[in-house]
Structures are given as C-alpha cells and as structure tokens.
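Structure first, commentary second.
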Amino acid sequence: MLDYLLNGLTLGAIFAFIALGYTMVYGIIKLINFAHGEFFMFGAFLGFFVLRDMGVERLPLPQPLPILLSYVVALTAASLGAGALAVLTERVAYRPVRRAGRIAALITAVCISLILQNLAVKAWGAKPQAYPQPREWVDVDALEGTSQANLYGVKRIETTEGGVVENEVRVVAAGEAIDDATRARLRAGGHERVYRQVLLDRGWTRGFVILALLLWAPVLWFLVKRTRMGKAMRAVSEDADAARLMGIDINRVISWTFFLGAFVAGVGGVAYCVSYGKVEPLTGFLPGMKAFIAAVIGGIGSIPGAIVGGLVLGTAESLIPYALREGLGWEAAFAWKDAIAFALLILILVFRPTGILGRAVREKV
Amino acid sequence: MSGELLFWLNLLVSVGIYTLLAVSLNLINGSAGMFHLGHHGFWALGAYAATWLTLNAASLPGPLLFVLSLLLAMAVAAIGGLTIGIPCLRLRGDYLAIATLGFGEIIRIAVQNSPEGFLGGSLGIKVPRILMEVTRATQVRFRLLMLAIVVALCALTLVVLRNFLRSSPGRRLLAVAQDETAAGLLGINPTRSKVLAFVLGSAVAGLAGGIYAHYMGGLDPKSFNFMEMVKMFLIIVLGGMGSLSGCVVGAFLVVVTEQLLNRTPEAIYSWWQVLFPLILALMIVFRPQGILGRREIMDVIRAWRRSPA
C-alpha cells in the first residue's frame, strides 16, 4: 500500500513537472499547448545523448561526484534544449495564429505535436531505446570480490571511413568473482577502467524525483510572484491589451513563459525516462496528456494547482487500480489506469471545471 | 493488371469510408461548431459492434447479417454519442476537445483490454467475410460490391444530412452554432440541438466503422488512433468546415495522396506522417475556410457558369 502510494507520488511529481508548463502557457495565452509533451520528449532525448555519449562520469574526481555531475549536465542540457525548442515553436507556429482564435491555435498545436513526434521518429527511430542508468567509471584495481552487476569496457573501433567509434562491450558478467587473473585479463584487453552500474534501490529514484519537485516549485513561485518578468507575465495573463499599453513587450513575455514551462518539462523528461528505463519518440504523448489532465484537475492557469493536480492524479492512478484489485479482486485493474485518468478528467470538467485551486471566471455575453 | 485494379478499387472504397467519417465529423465540428476530437472512438465503437454481431449471429444469411450489423453499429455508436454527449456538451471549445479526446482514448483502451474471446483484445480480431459467398470469393468482385455499397451509403448520407440541415432542427442547430446565447433567447434549446447533432454524427461514424470492419476483414485497436482523428480533421478543413460536398473533395485529396505515396519507397512515404499535419497547420493559418468554405460544390459550379466568361 505504502509502496503504491510512493509510486503514485513519484509519478505525480513528474506529471506536475509537465503540468507546470501547460498551466503557465494556458494562463498567459489561453492555449492548450499540445506540443508540450514533445518538448518533454525532446528533453528526455537530449539527456539520453548526454548520459550515453558525453562521458561526464569519466571525470577524474572522487565518487560520487562524476555521477552526480553527469546528471546535472544531462538535466541542464535537457532543460535548455527543451526550452529552446519551445521558444522556436512559439515563434514559428503559434505567433502567426495567436489572433486567429483559440480553436485555430489548438489545431495548430495538435499539428505541431504530430510533426515533432514524427520528426523524432525520422531522426532517432521509432523503437524504444534503453535509457542509461547511473554508472561509475572505476579503475580495474578497485574491483574486488564478486561483481554485483555486469561490467562494461569501452572498445575503440576504427570504421571503414577512417573514423573511430567507441563500442561498449561486456567484460565481466554479474555474479562473476574478480581476482588477479580477471584483472590481468582486463588489462590485456586494454581495459584500464570499466563501467560499473550503480544499483540504486527505487527509494533513491523516488526521492530524487520528489526532491527535484520540492526544489523547483519555490523557484518557479519566486520567478512568477517576485520578479519583474513574473509581474509582466501575470499582467499579460490578466489583460494582454492593457499590458501592451503599459509598455510590456508581450512577445518577449510569451517567449519567456514558453521557455520556462519547457525548461521544467525537460527536467521531468529526464526524470521520467530514468525511472522507466527507456525513451522513444512517443514518450511525450501519454505523459503529456496526463499532465494536461493534472493541470485541469488542479485548476488550469494556477501554478500551485498544477503541482496539487499532478500529485492527485499520480496518486489516483496508482491507488484506484490498487483498491479495485484488492477490494474487488479485479486482476486487470492496472491495465485500465489510463482510462481512469481520462474518466477523472471528464468528471472534473463536468462537475468542477475550474479544478481544485482554479477560480471561476464569468464569461461575458 | 488485376493488382492495379484492386489498388484503385481499394482506394475508392477508402475514399468512401473517409467521406462518411468526414461528413459526420463535419456535422459536429463544422455545422454545430463543437470542437470534437474523439471521432475515432465512435468509429471504433461501430466497427467492433458490427464485428461482434457478425461473430455471434453467424447462422443468419450473409446479406441480412451485413445489414443488421450495420444497423447495430449505428445504434451502438449513437448510444455512445448520447452517453458522452449529455455530460460533455456543457463544456465549450478546448475543454470539449480534451474531454472528447479522452473519450476516444478510453474506447481504444477498453478494446485493447477486452477479453480475447469478446473483442479480441490488443491482438485484434478477425471479421468473418460474410459477403464473400455473394461475390463468389473473388477479390475484384468483393471490392466492386463494397464500392457500390459505400457509394450508395455516401449518397444516402449526404442527401439525409443536407435535408437535415435545411429542416427546422437543422436550422436551429446552425443558429446555436452561430450564437448560442442569442439562439437560446429565441427559445431554442441549445443542449438538445447539440446532443442531436452529436448523436447523428456518431451514428454515421458508427456506420463507417461497420463498413470498415466488413471491408477489412479484421480489426486492430491500434488503428483507431489519434492520427486517424487528425486525418479526418484535415479532410474537413481542406474541404471547408460546414460544407458537405467539401468533405467528398477533401476525402479524395487526402486518401489519394496517402495511397499514392504508399506506393513510393518507405523513405518517401514515411514523410507523409510529417506532411499531413503540416498541411493542416498551413491550411489553418492561410485558408481556414478550406477549399469550398461553407459553400457546396453546386454553388461554385453555378456561380462559375453565371459569371460572364
């Protein structure tokens, strides 16, 4: 039970990360940014490439600094990349339709989402790829006892075009004992150092995700409530024309909002893929939809609402099927968790369209 | 030779099925002005309802079973439209879009998780070819027969919907779409008008689903996905929101492009997935009224004849 609750909260924290971007963009230009899930996916892919190819974890620093550093670099790249993509998308696709009405803008957003998804398929292939798990780069001399996990060495191979690629090869299987003979064999194979998987228990991953949310939420709150740009954002969301008359550069404010929302989604993207162990071009679709549901549950347009909504949805998605399985003996309940999320959305929209923390806005006739 | 003939027959039947889907979506999105993104759900409902009856009433003669399964497909989709319509139609604009999209996804998830003996689950299901004996088991004759059925049903649907839009409930619907508050003040019940359009639209989508099931001879829940929804949307936007004959034009353009690209090498065809959302986005920005706008193809021809050469 507690396990399911914690799982739900972790998932909820990730939903909250994505929901923040939805809510900020919706708050300011009343657009459901369908492509937000694709910013998330793009961030996840950038993190993937950094973790796999950059070799930050090989830096000659005491452990666990290199591992932490590799994640910091991956998260930074993911956030900045997702933010840049969001700014570009806003400039190229959303700005021209801003005056064309909400439905036209929404259709454009749906199209952008599909286009980005399929471009990702063209660039990186449609197949899911294993997400790099945390690992350390250890000296062969430091290895002893029985190896807990597979050890990988890096082999440099010259390609026919004259370039050099690095291939990872498994040099020691999990459970194999390591003695002087093994070390000698590794050295002979040219492996002075090898990769060792850091076995994290799930508590660590969960802690990391929830901690990241706890760290980010106040930062965002501060940016929106206490800075000049935040004040401008709130002004534009209140009344864009009046804000323009007050000398606020609306385009800059909107770009900044997109950047901030996608920046946070990038963090969520890496966190999501590290916890699920894979990344693919469709990675963004379902979490994106869920995060939108979370934003609506919390009250779209409200930043605390996005966080509350994310946590509520994540918990509900984990605990409701659990209750159905344990209480009613319905074994297949977990396969229906996505349907539960959508049903929750429809219920919220019908009975409390402003969400938990949203405020009612009267529609003028 | 026969392969070429089969290709073109298949293309025309697909145009017909997409025309049915597009006119029904157009009734809801174009005429009634509701932004509905769950049409693939109704399509799936119809397809699976028809399949279920075909599997469970196999003792009936083929043609009778075919007609009955289409009727059931329409009925089930209409009931689906009613159940989702009554709570959701109080929502507006983008909220309605998301709620209906959620509904479409729920249908797909439900089918994917269904027991294998009932709807086939995630692996899909085979549909008995009950019309094959009528056509003495040749592919060309089967496709010709399906083409005749699809064309007849498209024509019938177009006439029925045209007359509906000219009738009193249809005019009420158009009034509600233009200005809900004003229509309400004139004594029109907006919710009733919208539910009617929704139910009618979903019934026609169900019909398209039933034909699709019999034509394909097998269903895969993954094929009723959001991409298909966007494709239907592209058809109605191309043709012109609110124009019935525009749907036919749009369906022709989209299906012919897709199927012709499908014959090119994979490297070219795979760009279609990027291309069609791009076309839709460009249409929305540069010509949101589509090719025909709210006009019908006959209006255009008449206007063109009348204008001095």
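The values are calculated or read from the model by the stated rules, or taken from the named source; none is laboratory data. Because the structure is predicted, anything quoted here is derived from the model rather than measured. In this analysis, Cβ positions are derived from the backbone assuming ideal geometry, glycine residues included, and neighbour counts consider all displayed protein chains.
Within segment A:40-67, can you find the residues that are within 16 Å of A:GLU166 (Cα to Cα), surrounded by 13 or more Cβ atoms within 10 Å (Cβ to Cβ) and of a type outside the set (A, V, I, L, M, F, W, C)?
A:ARG52, A:GLY55, A:GLU57, A:ARG58
Say whether the condition of being farther than 24 Å from A:MET1 by Cβ, within 10 Å of chain B (Cβ to nearest Cβ), at pLDDT below 85 and surrounded by 15 or more Cβ atoms within 10 Å (Cβ to Cβ) is met by at least one residue in segment A:353-364.
Looking through segment A:353-364, at least one residue is farther than 24 Å from A:MET1 by Cβ, within 10 Å of chain B (Cβ to nearest Cβ), at pLDDT below 85 and surrounded by 15 or more Cβ atoms within 10 Å (Cβ to Cβ).
Restricting to segment A:326-349, what's the tally of residues that are crowded, with 20+ Cβ neighbours inside 10 Å and away from chain B (no Cβ under 14 Å)?
Residues flagged as crowded, with 20+ Cβ neighbours inside 10 Å and away from chain B (no Cβ under 14 Å) within segment A:326-349 amount to 0.
When you scan segment B:118-129, how many residues do you find that are outside any helix (DSSP H, G or I) and either within 14 Å of another protein chain (Cβ to nearest Cβ) or surrounded by fewer than 19 Cβ atoms within 10 Å (Cβ to Cβ) (or both)?
Summing the residues that are outside any helix (DSSP H, G or I) and either within 14 Å of another protein chain (Cβ to nearest Cβ) or surrounded by fewer than 19 Cβ atoms within 10 Å (Cβ to Cβ) (or both) in segment B:118-129 gives 4.
Quick check on my filter: what residues within segment A:263-288 are modelled with pLDDT of 90 or more and touching a His at 6+ places or on another chain (Cβ under 7 Å)?
Correct list: A:ALA265 only.
Looking at A:ALA323, A:ALA291, can you tell me which residue is at pLDDT 85 or above, more than 11 Å from every other protein chain (Cβ to nearest Cβ) and touching a helix residue (DSSP H, G or I) at 6+ places or on another chain (Cβ under 8 Å)?
Only one candidate qualifies: A:ALA291.
What number of residues in segment B:1-46 are over 16 Å from B:LEU145 (Cβ atoms), free of Cβ contacts under 8 Å to residues at least 60 places away in the same chain and assigned to a helix (DSSP H, G or I)?
Looking only at that region, the number is 2.
Conditions first: (1) crowded, with 17+ Cβ neighbours inside 10 Å; (2) away from every other protein chain (no Cβ under 13 Å); (3) among the hydrophobic types (A, V, I, L, M, F, W, C); (4) more than 17 Å from B:VAL204 (Cα to Cα). B:ALA58 passes all but one, so which condition is the exception?
(1) is the only condition that B:ALA58 fails.
Consider B:LEU253 against the criteria (1) touching a residue at least 40 places away in the same chain (Cβ under 8 Å); (2) within 18 Å of the chain's Cα centre (by Cα); (3) not in a loop (DSSP other than H, G, I, E, B): it satisfies all of them except one. Which criterion is unmet?
The single condition B:LEU253 does not satisfy is (1).
Would you be able to tell me the number of residues in segment B:86-117 that are among the basic types (Lys, Arg) and in a helix (DSSP H, G or I)?
Total meeting the criteria: 1.
State which residue is nearest to the other protein chains (Cβ to nearest Cβ) when the search covers only segment B:278-308 and only residues that are loosely packed, with under 14 Cβ neighbours inside 10 Å and of a type outside the set (A, V, I, L, M).
Only one residue tops the list, namely B:PHE286.
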